[in-house]
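The values are calculated or read from the model by the stated rules, or taken from the named source; none is laboratory data. Keep in mind that what you see is a predicted model, and the values were worked out from it rather than measured. Cβ: placed from backbone, ideal geometry, glycine included. Neighbour counts: every protein chain shown. The accessibility values were calculated without ligands, DNA or RNA, using every heavy atom of the protein model including side chains. Shrake-Rupley method; radii C 1.70, N 1.55, O 1.52, S 1.80 Å.
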Amino acid sequence: MDSDLTPQAVREIAAGYAFTGPALDLGAVLLDGTAYPDAQVRIPLGVLNRHGLVAGATGTGKTKTLQLIAEQLSAQGVPVFLADIKGDVSGVAAPGTPSERTGARAAEVGQQWEPRGCPAEFYALGGQGAGIPIRATVTSFGPLLLAKVLDLNETQESSLTLVFHYADAKGLELYDLKDLTAVIAFLASPEGKEELRTIGGLSAATAGVILRALTVLENEGAGAFFGEPEFDTAELLRTAPDGRGVVSVLELPAVQDRPRLFSTFLMWLLADLYQELPEVGDPDKPKLVFFFDEAHLLFKGASKAFLEAITQTVRLIRSKGVGIFFVTQTPRDVPSDVLAQLGNRVQHALRAFTPDDAKALKATVSPFPRSSYDLGAVLTSLGTGEAVVTVLSEKGAPTPVAATRLRAPQSLMGPIEAADLRAVVDASPLTARYRDAIDRESAYEKLAARAPRPEAAPAGPPASAPPEPAARREEREGKAREQAGVGGLLGSLLNNPSVKSFARSAGKQLGQEISRSLFGTSKRRR
């Protein structure tokens, strides 16, 4: 830090954090390596729905910062959602272990430390892990989010949106991936193309790309994430009998090799919350605080429509009482339109070993309010568990920039034992509700029921038949390969006359199109 910073300057910084209402305690102001326990750095509880950013290089303490904020929110009666990518956040459910190091940190920052765990629920995507399974139907997931998972370009994304539109209009329920595959196969057939003639078309090439992407997703085991029973995001808003907020931990180590999938699933949770929650304006405390870890995975390679939907969701969900903290290594990982909406910032240390690192450091420093700190020097010299902080005051104005030595979490700083985690899951009333997958009648079954049983083909042409010309044989085999590429599970439907009859009657007996939100996600039918 600059030598012109004095204890008087520390007191002036602390005055900017002297809030009158309930607040979370982050730590003590740090000056020249010394923490000042009388100068506390805090976040007002009422501004946590104005969103935030926790950033910093690997190993600088971001995860512990999340844990520190989460346990204090829980104590204030605010539910919390945490994505546990590395598998080391489960300790939030257990009391911490006293140690000499923890005691020393508490004394330095003026913390009355005592071991305390939080009420917690543990979840896993599609049951891939020990947690309660979280599933989403393909219909509720919507075309924009699914296009992100499948890595489709904007043209293919538009075609997928058309498929969803058709399925909605015809009442073909898309619960799992085989339902979507069935509808795409039908719409790529001659009969299906006739159905789409008035509203657009689905080319065989585009259908083939989407179907191949779905096959890859299925082969990677991601099919388990789509289906029923669909998770009700209202479960994330619960409080414990003693009034503390429940900390929902989504265990993700089992799907670390599919980062695009889990980041997009987190966005689905937010989109669903946005759809279901009523407007509340600016409440005294948020209904839920949602920590979006590894945020760069969400934005990487995203289409323009997807980024616009994220930006609008972040902006509008604040009025539903939901706060979002994006967690990543550098603020440059977050698009500027989203970054501009993050009023609370906890910036851990950055490293500047390369020219690109230097650019990232400069970009990180520039949005901070003016201060007496040389932020470039501060951010490269912070130790583990230290950060530069600025938040919104109770009046909505930015607080002074404060280098901060952060408090130690009171819950266990590390994973709980596997047996203890299983015990929490087994004891949860949600386990029986979501554990076993359900396969109801839906698009796949409805289309397959109308396909005639394929008759066994003769072993070969009759002996008296003339030999098939080579050109005609190549044409026939080429068409067969094309149909196999777009047909997949329902190749028998593509040239089936009865499918056209079914498609004509489907609109007469099935309901209206489902209303869709910013991401194309459907409104839940309760």
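The lone criterion from (1) at pLDDT 95 or above; (2) within 16 Å of Gly61 (Cβ to Cβ); (3) open to solvent by less than 20 Å² (accessible area, probe 1.4 Å) left unmet by Leu412 is number (3). In region 380-409, of all residues being open to solvent by less than 40 Å² (accessible area, probe 1.4 Å) and of a type in the set (Ser, Thr, Tyr), the one that is nearest to Asp25 (Cα to Cα) corresponds to Thr404. One residue stands out in region 178-209 among those that are part of a helix (DSSP H, G or I) and touching a Ser or Thr at 6+ places or on another chain (Cβ under 7 Å): the one that is least open to solvent (accessible area, probe 1.4 Å), namely Asp179.
In region 224-277, what residues are among the acidic types (Asp, Glu) and touching a strand residue (DSSP E or B) at 6+ places or on another chain (Cβ under 9 Å)? Let's see the steps before the verdict.
Taking region 224-277 and keeping what is among the acidic types (Asp, Glu), we get 228, 230, 232, 235, 242, 251, 257, 272, 276.
Listed by number, the residues that qualify are Glu228, Glu230, Glu235, Glu251, Asp272.
Looking across region 18-32 at every residue that is modelled with pLDDT of 90 or more and assigned to a loop (DSSP other than H, G, I, E, B), the one that is surrounded by the fewest Cβ atoms within 10 Å (Cβ to Cβ) is identified as Thr20. Which ones in region 349-365 are open to solvent by less than 30 Å² (accessible area, probe 1.4 Å) and either touching a Gly at 6+ places or on another chain (Cβ under 6 Å) or part of a helix (DSSP H, G or I) (or both)? The answer is Ala349, Ala360, Leu361, Thr364.
Every residue in region 333-379 that is polar (S, T, N, Q) and either modelled with pLDDT under 90 or within 26 Å of Leu24 (Cα to Cα) (or both), please. Full working, then the answer.
Filtering region 333-379 down to residues polar (S, T, N, Q) leaves 336, 341, 344, 347, 354, 364, 366, 371-372.
Passing the criteria: Gln341, Asn344, Gln347, Thr354, Thr364, Ser366, Ser371, Ser372.
The residue that is nearest to Asp374 (Cα to Cα), among those in region 2-17 that are modelled with pLDDT under 90 and assigned to a loop (DSSP other than H, G, I, E, B), is Asp2.
Can we say Gly117 is on the phi > 0 side of the Ramachandran plot and under 32 Å from the mean Cα position of the chain (by Cα)? Don't jump to the end; show me each part of the working.
Numbers: on the phi > 0 side of the Ramachandran plot: no; under 32 Å from the mean Cα position of the chain (by Cα): yes.
No; evaluated as a whole, the condition is false for this residue.
Among the residues of region 211-229 satisfying the criterion of being touching a helix residue (DSSP H, G or I) at 6+ places or on another chain (Cβ under 6 Å) and crowded, with 19+ Cβ neighbours inside 10 Å, which is farthest from Thr431 (Cα to Cα)?
Looking at the filtered set, the residue picked out is Leu211.
Report whether or not Glu279 is in contact (Cβ under 8 Å) with a residue 40 or more places away in the chain, over 17 Å from Leu145 (Cβ atoms) and open to solvent by 10 Å² or more (accessible area, probe 1.4 Å). In short, yes. Being buried (at least 21 other Cβ atoms within 10 Å of the Cβ), under 13 Å from the mean Cα position of the chain (by Cα) and assigned to a helix (DSSP H, G or I) is a property that Ile317 lacks.
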